[in-house]
1. Given (1) surrounded by fewer than 22 Cβ atoms within 10 Å (Cβ to Cβ); (2) modelled with pLDDT of 95 or more, identify the lone condition not met by ASP524.
2. Only residues that are of a type outside the set (A, V, I, L, M) and either in contact (Cβ under 8 Å) with a residue 60 or more places away in the chain or farther than 17 Å from VAL582 by Cβ (or both): list them for segment 505-519, please.
3. In segment 209-235, what residues are farther than 23 Å from LEU348 by Cβ and charged (D, E, K, R)?
4. All but one of (1) in a helix (DSSP H, G or I); (2) surrounded by fewer than 24 Cβ atoms within 10 Å (Cβ to Cβ) hold for ARG87; which doesn't?
5. Pick out the one residue from ILE265, ILE243, ILE308, ILE316 that is under 30 Å from LEU170 (Cβ atoms) and either at pLDDT below 90 or of a type in the set (Asp, Glu) (or both).
6. Just a yes or no: is a residue in segment 391-402 under 24 Å from LEU120 (Cβ atoms), of a type outside the set (Gly, Ala, Ser), crowded, with 17+ Cβ neighbours inside 10 Å and modelled with pLDDT of 90 or more?
7. In the set LEU17, LEU12, which member is crowded, with 21+ Cβ neighbours inside 10 Å, within 30 Å of GLY133 (Cβ to Cβ) and more than 19 Å from the chain's Cα centre (by Cα)?
8. Looking at segment 639-696 only, could you name the residues that are charged (D, E, K, R) and either within 26 Å of HIS610 (Cβ to Cβ) or not in a loop (DSSP other than H, G, I, E, B) (or both)?
Amino acid sequence: MTTRRYDAFAILILLILWLLFFWRLLTPIPGDQASITQGDFSGQFVAFAAYQYHRLTQGEIPLWNPYNNGGLPFIGDTQAAVFYPPRLLTIAFSYLSGGWTYHALELEMMFHVLAYSLLLYALVRRMTIGQSGRVIGGLVAAIIGAYGGFLSGYPVQQLAILEAAIWLPLGILGVLEATRHETIRWRWMVLAGFALGLSWMAGHPQTSWFLTYLLVAYLAYHIYVRRWRWTILVRGIILIALISGGIAAVQLLPGIEYLGHTARIDLTFEAKGNGFPIRDVLQFLFPGQFSLFSPLYIGIVGLALVIIVPWFNQKIPGSHFWIGVALVSLLLSFGANSALYPALYNLLPGLRFFRGQERAAYLVASSLAILAGLSAAHLVSAKTDDDTKSKQIQQTLVGLVIACGVGIVLAPDGWFSERPDEALSTAVFSTLIAAAVFFVLRHLVSTPSSRFYQWLLVGLLVFDLFTINFDADHTYDPVPPNEQLALIHPPLVAQVASDTDLPYRVDGFRGLNDNFGSLYRVMDMRGISPLFLDGPYRLIEPEKINPVAWELFAVRYVFTDWEALPVASTLLGSGTDRHGPVNLHRLTDPRPFAHLVYDVEVVDSDAFAHELVRDPNFTPRTTVILNQPVAVDLPPEAPAEGTAAVTTFEPERFVIEVSTPTDAVLTIAHPDYPGWHATIDDVPAETIRAFGALTAIAVPSGQHEITFTYDPLSYRVGAVLSLFTWACLGILGGWWLIRGRNAD
């Protein structure tokens, strides 16, 4: 069989395994269907993508989202992934197929898993070029990477993590091919930068930050091995940075701007230092016993291939690098539970910006998948004639069987799980797989050319990982996707949506939930996006029943389990949400979205404004708290005839007609944020920060048309940079393709 046929056969196997793993998400039989369980996938990603779909199919760019968190810069929320190319394809195919669905995003997830398996196969296949075991090695790495504990666990629901993670093999492949020959081939470094740029566009900066460091380290490693000048490393880093940064600039620049205004910027070391407990290293042997997910689990087969690497006769090229990556990443994944994270906290650029250090499992799982693939390829490519080495490999595998067997002894007494029966089943399974691996690898060590044992090893790996991760209860529900989430308004939400006297907000902590304001296009002052503007967050989030926030954010409807509210309201209806009974109240006298006041109090900080607004004697309906004096003459008493009416309301533009007999301050229930510009009768006007979070503007007496427009400089600059970079890459790609054909 030719090399191309071997590769075609391997790709066919990966495609079949992909269909098998996700068959319940693909089957047309409703009774057999499963779907991704509700959680972040539905509450964050489906909801935001639905808003993205609505705006883009209307021919509009979704720069601002008024439907969650009291309003937020959608282009700046990294997890929205507004211009991520695969998301744009999902939206395009959904539009051609009849509309947005829950299943559309499930398909996007599945195709990313398939892409990751194919890219990992290609990477290890190129790493082991010239070895007879390269196909087996590529398959082993691809199967572990795609169906191991990391990618099949929480990244399925945290879609941004999965989509940012899968570009690792393509980036590493670019560096590998660039440094394979005697002189560096810069066009392959372009591929590495392209892969990293796609990762940054996918919407999970922490994962892309991990990948950035990995690419730099891998480039430095190869330059060191080849004894090239350090200037090549600098040039390579600059090239990767320019390409990846240029590709993603349209999202990166607004995202960086947004991050500086969010509540998350104030996270303490304690909040950012969380990670795996040290005992979670036992995830390698006993999946599902120490946490809901087991991202460190690469299968007993994969673990066996990794731990025998030191005993091969010949050193596997690159193995030391990947072992180092796995060990450093594992220590980082412990967060403040080990000494490495605190030591690097102030030294490693970017580390202090992220919480959830257990996500370093991404690099642990990826590096071990690659290492297992290299090990498998080496194992079946060369016979181990050294009896000592062969015996050491067998002893190591016996040790693995014993380690798993210890779990059988300890599990019934609850040593490592509060569920002894389940723990015992897992320990027995791991021990049986370890014994089977010992049997298979012992024969492969002595007869590596045996096709039977090669494919038996692959089959055992598939059985191992699919048994643990296929159709996992914590990830999938046995219901069709159209039953997971109603894409039309639920009854209570429909009552609110029928009110067309816009704009107004709701408090959807109950009843609406999550980021479903974006899904149903109902303006919610709450949401679950991890990035929340700091000022609105300080006013909204401290209390779940929050009349002060209702007043300031123009809330007209409140979903709650309370029968009566602390302010005057009318009970409109009752129903249920996933937490239980819920009631819908309409406030009797809600503050309007735009409101004129004639009394000002100036403070020197947002914190003081937040304290003052919560004073029971303070009346925000008549007095506004500003961060600077206004250049108008306010009357001693408010005139009765001042009015402000919103005549146009769109996400990035709204118009207010104002009539006031004296100078006034127009307060707006809208976040104060860079990029929003105001005009009074088409003349630019300065906006002022009100209540430490919102927007106000000084208005002279008379009748005026006041227009607010969101047109951020960060987006415009980023769009120009991205368009330029994509255009250059297109031209370069076309030129290389034509030159390659002419060379043939």
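The values are calculated or read from the model by the stated rules, or taken from the named source; none is laboratory data. Bear in mind that the values here come from a model prediction, so they are computed numbers and not experimental data. Glycine also receives a Cβ, built like all others from the backbone with ideal geometry; neighbour counts cover every protein chain displayed.
1. Status for ASP524: all satisfied but (1).
2. ARG505, ARG510, GLY511, ASN513, ASP514, ASN515, PHE516, GLY517, SER518
3. Once the filter is applied, which keeps residues that are farther than 23 Å from LEU348 by Cβ and charged (D, E, K, R), segment 209-235 yields ARG226, ARG227, ARG229.
4. Every condition holds for ARG87 apart from (2).
5. Being under 30 Å from LEU170 (Cβ atoms) and either at pLDDT below 90 or of a type in the set (Asp, Glu) (or both) holds for just one of ILE265, ILE243, ILE308, ILE316, which is ILE316.
6. The answer is yes; a qualifying residue exists.
7. Going through LEU17, LEU12 in turn, just one is crowded, with 21+ Cβ neighbours inside 10 Å, within 30 Å of GLY133 (Cβ to Cβ) and more than 19 Å from the chain's Cα centre (by Cα): LEU17.
8. GLU650, ARG653, GLU657, ASP672, GLU686, ARG689
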